[in-house]
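Taking it in order: structure first as structure tokens, then the write-up.
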């Protein structure tokens, strides 16, 4: 298990980032690096009061000087980049922002990581949207960063939709349910891979432990389910409202391209490229 390491969690105030911080802080020294001042401060305060070594830096990975300061102060041995702009529809309208965060921000972290001999592992959290033939802007930026990450000798982890993460469909449905509104569904036949936040973070930690330079580690997420299946499982026959597929969205998504399926090796809970 990972222990007695200095772990830098970029995007540590996000849904995946927070769970990574909570799990890794039990045995390691943690630095949270995030733009979200309130969530970062509250998480650090909560864990510090439990006697855990958790520090933080408010800042933007798009700023190279800030990234350099973080590395100089903390000298991380493990870096996990869980920071990203992730929503599909606005990425189609504001592509520059997604390029700056998802590509340039990740590149800043990688270039800084290369300067430090203490660094042991760098893990970039990717998405199944990189494997789609018709990519949205968000998926295209993640694909570019995934390629850069493995080309420069680091590790990428790829998985699908994470239930109950910030901005996820469960968060939207819960808000609608509490207010008595029908649950919005893009298309009843739309399919996705789903997993929980703890499941995702457990497997990211395994990727840190087992991943080698240049690996893309794709989490085995079982079978795809339709969005209607998920709704019925959670809310039964509660009313729904069909809103149609939005810009950039696809009816189905894949964890791997056809070529990747031919070359991937199954190792435990991962497919490894």
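Distance between the 7 Å Cα→Cβ label points at residue 117 and residue 241: 6.2 nm. Gyration tensor over the Cα atoms of segment 35-116: the corresponding equivalent ellipsoid has semi-axes (square roots of 5 times the eigenvalues, largest first) of 25, 18, 10 Å. Most mobile of 146, 254, 174 per a Gaussian network model of the chain (Cα springs, under 10 Å)? Looking only at 146, 254, 174, the largest GNM fluctuation is found for 174. With the simple spin-label model, which puts each label point 7 Å out from Cα in the Cβ direction, the residue 42 to residue 144 separation comes to 3.3 nm. Counted over the chain, the DSSP beta bridges are approximately 20% antiparallel. When only Cα pairs below 8 angstrom with a gap of at least 6 residues are kept, the chain shows a relative contact order of 18 percent. The mean sequence distance of close C-alpha pairs (under 8 Å, at least 6 residues apart), as a share of the length of segment 64-150, puts its relative contact order at 39 percent. Between the helical axis of 169-178 and the longest alpha-carbon principal axis of the chain there is an angle of about 60 degrees.
Where the convex hull is taken over the Cα atoms of segment 64-166, what is its projected area averaged over directions, in nm²? Don't jump to the answer; show the numbers that get you there.
On the way: hull surface 27.6 nm².
Average of the hull's projected areas for segment 64-166 equals 6.9 nm².
Applying 0.36 nm per residue to the separation of residue 69 and residue 87 and subtracting their alpha-carbon distance, the gain on full extension is 3.6 nm. The Kirkwood hydrodynamic radius of segment 124-239, based on inverse pair distances between different Cα atoms, is 15.7 Å. Considering only 142, 231, 261, the Gaussian network model of the chain with Cα springs below 10 Å gives its largest mean-square fluctuation to 261. Ranked by the mean number of other Cβ atoms within 10 Å of their residues, highest first, the peptides 103-109, 51-57 come out as 103-109, 51-57. Taking 0.36 nm per residue of separation and subtracting the current Cα-Cα distance, fully stretching the chain between residue 265 and residue 100 would add 56.1 nm. Its relative contact order, with pairs defined as Cα atoms under 8 Å and 6+ residues apart, puts segment 177-273 at 44 percent.
Just so you know, all these numbers are worked out from the coordinates, no wet-lab data involved. Predicted model, so just to flag it, every value in this text is computed and none were measured. Here the Cβ is made from the backbone with ideal geometry for all residues, glycine too, and neighbour counts use every protein chain on show.
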